[in-house]
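Data first, discussion second: the structure below is written as structure tokens.
The values are calculated or read from the model by the stated rules, or taken from the named source; none is laboratory data. Small disclaimer: the values here were computed from a predicted structure and weren't measured. Cβ: placed from backbone, ideal geometry, glycine included. Neighbour counts: every protein chain shown. Ligands, DNA and RNA are stripped out before the accessible areas are found, and what is left, the full protein with its side chains, is counted by its heavy atoms. Shrake-Rupley method; radii C 1.70, N 1.55, O 1.52, S 1.80 Å.
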Amino acid sequence: MQIALNKRLFFRKLFPFCLCISLFAILSARFSEVRAESASAEDDQTRQSMADQSAPDTDAPVQTMDLDHARQYWLYLVNRDRSMFGLAPVQLDPIATKAGQWHADEMASKAFNSHWHPDGKKPPQRYTECGGMDYVGENSHGTSPNGGWQIKVAQNQAFTAKQVEDEEKCYFNELPPNDGHRKNILGREHTHVGLGLTAVDLYHKGSDTEAETTLRQLTSAQEFINKYGEYSASSDEFVKDTPYVFSGRIAPYLSVQSVQVLRENLPEPINQSTLSEETTGPFHGGYTLPDKNVLSAFPMAFAQKPEAKLMQQGNEFRCELTPPRKWKPGLYYVFLWVQSGKAEAFPISMRTIPLNGKK
């Protein structure tokens, strides 16, 4: 009898606890639904606002945005996706946008889907040539010939909200292990982004009994950068036995960890059919950075050497690199690595510097 009494007392005490757990589960589920509904409503409001600001034809059944408004809407989508993981928003960067638009236009006009251009240049070199000096990582989505379809850059560069949303989904909805674009969007160190969008029309010439068919697609690029400083360089190329000075000012909470110089061969032209038709191989999928380190500079006094000097005072630094005679012609990547306290170091600057062997 005592055992039965103890059981009744136990379940009486347990019942309120179970009731609380059940109510908590119900409220949590409803809260999630409300958040989803709120996010969806916010997307609808933003979409309508962006379209209303720039619809070129008020009679069109689907409202469109010009390129500037399409970029702003895409930026909103990128930051919405980052916010779901507690990441800070990124800002639109004009130099990175110039590089991204260059790539989107090139893929549209020459009908290919690759991080490489037909001249062999990769994202870091294109970004450097646009004037960029921060660290950059690219997402891109192109187009390619398909059967009887002809591809032409659209005369009317107008974009619908759904087209822009589909581009973001193309990158962000990737699943592991093939989720490099998604990881780039969610890069914790990223502070800015450049966005390139180009509309292309696909034409399919109909038969005698079929009308011509037209489809609209987009080529696009996202150039995420780590902007934590301002830099200057003494030259845009390396010359053997001639000092190259790289200096600047970084965020006050950062310290310079090192400057690293890596090398790869100078770019060579790539057959356009390889870029347009290849589905496997070195020019399909992600791009790589060189892995051959040829020179390192560190800020410690004992680490200074004639060919690599690096000093930091306050939040300013100065690095002097002197390419030795033994260096071969190639494309050299200059990385600036920093760290905050004892946190892991990360790159905030990357420039490509050619050495052509002329001198």
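When Ala96, Ala108, Ala88 are checked against the criterion of being farther than 14 Å from Tyr127 by Cβ, aliphatic (A, V, I, L, M) and part of a helix (DSSP H, G or I), Ala108 stands alone in meeting it. Here is the figure for region 293-314: residues that are under 29 Å from the mean Cα position of the chain (by Cα) and either open to solvent by less than 40 Å² (accessible area, probe 1.4 Å) or more than 16 Å from Val259 (Cβ to Cβ) (or both) total 3.
Assess whether Leu195 counts as being assigned to a strand (DSSP E or B) and modelled with pLDDT of 95 or more. It is true that Leu195 is assigned to a strand (DSSP E or B) and modelled with pLDDT of 95 or more. If you go through region 139-185 and keep only what is of a type in the set (Val, Ile, Thr), surrounded by 16 or more Cβ atoms within 10 Å (Cβ to Cβ) and part of a strand (DSSP E or B), you end up with just Ile151.
Counting only residues that are in contact with a helix residue (DSSP H, G or I) (Cβ under 7 Å, 6 or more places away or on another chain) and either of a type outside the set (D, E, K, R) or open to solvent by 60 Å² or more (accessible area, probe 1.4 Å) (or both), how many does region 72-91 have? The qualifying residues number 8. Evaluation of Arg216 against the conditions (1) open to solvent by 70 Å² or more (accessible area, probe 1.4 Å); (2) under 23 Å from the mean Cα position of the chain (by Cα); (3) among the charged types (D, E, K, R) shows that the sole unmet condition is (2). When you scan region 220-236, how many residues do you find that are of a type in the set (D, E, K, R) and surrounded by 16 or more Cβ atoms within 10 Å (Cβ to Cβ)? Qualifying residue count, region 220-236: 2.
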